[in-house]
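Working notes, structure below.
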Amino acid sequence: QDGDEAAFRALFDKYHRRAFAVAMGVVKNQDDARDAVQEAFVKVHKNIHKFEGSSSFYTWLYRIVMNASIDHVRRTSRRKSLDFDERHLHEESDVAGDGALVPNITDANPGKAALRRELGSAIETALQGLPEHHRAVIVLREIEGMSYEEMAQVLEVPKGTVMSRLFHARKKMQDSLAPYLSGEAVSED
């Protein structure tokens, strides 16, 4: 807040990967996520003097990242329709080795490794298929590990709304992943 550029750089270094993961969960595209994170950090830099400390810094930052990401999706959707592009699951990124929100898991057993890749892809597809408000709560809770109170602050909605959205988001994820949960997609190894 005193204009110390090294301190701002330290904040950026500490939080930019997590901010990227949040943005990725909303915008579904690495380039757009980078744009949203850059926009968010520019806003943070310009408005750091407004940070009061009533919530943690990362809660304040993620609210800005989430808003920037949602704004980016709205702007982009006006210009063109957004289609999920599987190429982005395989490009390199700073979040996970393959750019996906779900970590890449390797195994010595090729059958199990293939099943894990398939499951990872199914989880990613199910997550991307959620409406924006459901995807946001899944990302904040399951990937970022935020509490309901923190999520309510970030999303600027009541805690009850967060809990309801999370319930419905999890239900939709379970429905999408039913073959994996029931064991139908399990390897015979």
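Here are a few things to note about the model shown:
- Extension gain, S164 to R9: 0.36 nm times the residue separation minus the Cα-Cα distance gives 52.1 nm.
- Within straight-line cross-link reach of K171, lysines at Cα separation under 30 Å, skipping those fewer than 8 residues along the same chain: K28, K80, K112, K159
- Here the spin labels are modelled as points 7 Å beyond Cα on the Cα-Cβ line, and at L177 and S147 they lie 2.6 nm apart.
- Relative packing of 24-35, 137-148, 39-50, which averages over residues the other C-beta atoms within 10 Å, highest first: 24-35, 137-148, 39-50
- Formal net charge of residues neighbouring Y148 (Cβ-Cβ distance under 11 Å; K, R +1; D, E -1): +1
Only the coordinates and a few stated rules stand behind these numbers; no lab work does. Predicted, not measured: the structure shown is a model, and the values here were computed from it. When we count neighbours, we look across all protein chains shown, and the Cβ atoms used for this are built from the backbone with ideal geometry, even at glycine.
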